[in-house]
1. So, GLY214, is that one modelled with pLDDT of 95 or more and in contact with a Pro (Cβ under 6 Å, 6 or more places away or on another chain) or not?
2. Among the strands (runs of 3 or more DSSP E) contained in the range 1-100, which hold 1 or more residues that are of a type in the set (Lys, Arg)?
3. Look at the range 25-65 and say how many of its residues are open to solvent by less than 70 Å² (accessible area, probe 1.4 Å), in contact with a Gly (Cβ under 8 Å, 6 or more places away or on another chain) and either among the small types (Gly, Ala, Ser) or at pLDDT 85 or above (or both).
4. If ASP163 meets every condition in (1) in contact with a strand residue (DSSP E or B) (Cβ under 7 Å, 6 or more places away or on another chain); (2) modelled with pLDDT of 95 or more apart from one, which number is that one?
5. Quick one: which of LEU101, LEU110, LEU127 is hydrophobic (A, V, I, L, M, F, W, C), modelled with pLDDT under 95 and either within 30 Å of ARG40 (Cβ to Cβ) or touching an Asp or Glu at 6+ places or on another chain (Cβ under 9 Å) (or both)?
6. Is there any pair with a first residue in the range 41-58 that is free of Cβ contacts under 8 Å to residues at least 40 places away in the same chain and over 14 Å from GLU135 (Cβ atoms) and a second that is in a helix (DSSP H, G or I) and among the hydroxyl-bearing types (Ser, Thr, Tyr) whose Cβ atoms are under 8 Å apart and which are 6 or more apart or on different chains, and what are they?
Amino acid sequence: MKIRGDRECKSCGTRWSYYDTGSVECPQCGSLRSVGVDDRKEHTASAVSLDLTDVRDRIDDAPLPELATDAAERCREYVRQQGFIDAGELRPLGDTYLAALELAHAALELDRSMRIADDEEYYVLELLRGADHGERPGPSTVPESMRAARGLAYASAVADYHDELRTYLEDNPDELARDLLSSLSEHRKRVDALDGDVSLADSEALIGAAQAVGHYLAEDDEGALAQARHHLDTLDPGP
């Protein structure tokens, strides 16, 4: 939504940035009576961060499915509060967002499992250790049983980012990017229709295309535009 980021408290006159705090409450006196004093800008981003420290602290004491479920709840809350337009500026689709969604989907797979294999345990522990630091396991470490979970997680991330890119394009029109987004959306819908059951290479290419379109729009980088096209060209078009 479009908001005025610079606020002025009617009670004490303090000025602050809503973009930084995410609140209309005056940081000085706590009053909710404030007014915007600048132009409205599109803003969907949030200052919220993901912290899984206390979940990791229980690794030696709690069963993995319980830890994964607790971490997944944190991840879903983090994702719900995130946005990618910060005071009119486009943010990238980052690895923390991707890892959070991947951990949430992996937790669902664990919950359905009768037995957790060693490679599944290693994979989920790697997500727990690194998701909030923007670290996600490489494709070679993803167990076959978790391939669809990664596919669904990445399709969800692309859907979220796609919607934000379309919003950004309303104020910053670019027909080349809009055409690429149309193609990206079709590929994402295919992954959803297959319940994430695509190759790990396709999952990575889908994310790579979305990130490249975002980089092109944010930095006006023609090379990123070419990279996005390359990623889309490598995706399996399906039947």
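1. Yes, satisfied.
2. 2-4, 6-9, 15-17, 40-42
3. The number of residues fulfilling the criteria is 7.
4. Every listed condition holds for ASP163 apart from (1).
5. LEU110
6. Close Cβ pairs (under 8 Å, with a partner that is in a helix (DSSP H, G or I) and among the hydroxyl-bearing types (Ser, Thr, Tyr)) amount to ALA47/THR21; VAL48/TYR78.
Conditions (1) in contact with a strand residue (DSSP E or B) (Cβ under 8 Å, 6 or more places away or on another chain); (2) more than 13 Å from PRO65 (Cα to Cα), marked per residue:
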position: ILE85; (1), (2): yes, yes
position: LEU90; (1), (2): no, yes
position: GLY94; (1), (2): no, yes
position: ALA99; (1), (2): no, yes
position: LEU108; (1), (2): no, no
position: ILE116; (1), (2): no, no
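For (1) in a loop (DSSP other than H, G, I, E, B); (2) open to solvent by 30 Å² or more (accessible area, probe 1.4 Å), each residue gets a yes or a no:
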position: LEU152; (1), (2): no, yes
position: LEU169; (1), (2): no, no
position: VAL198; (1), (2): yes, no
position: ASP202; (1), (2): no, no
position: ALA212; (1), (2): no, no
position: ALA226; (1), (2): no, yes
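The values are calculated or read from the model by the stated rules, or taken from the named source; none is laboratory data. Everything quoted here is computed from the prediction, not taken from an experiment. With ideal geometry, Cβ positions are generated from the backbone for all residues, glycine too; neighbour counts draw on all protein chains shown. All accessible areas refer to the heavy atoms of the entire protein, side chains included, with ligands and DNA or RNA removed. Shrake-Rupley method; radii C 1.70, N 1.55, O 1.52, S 1.80 Å.
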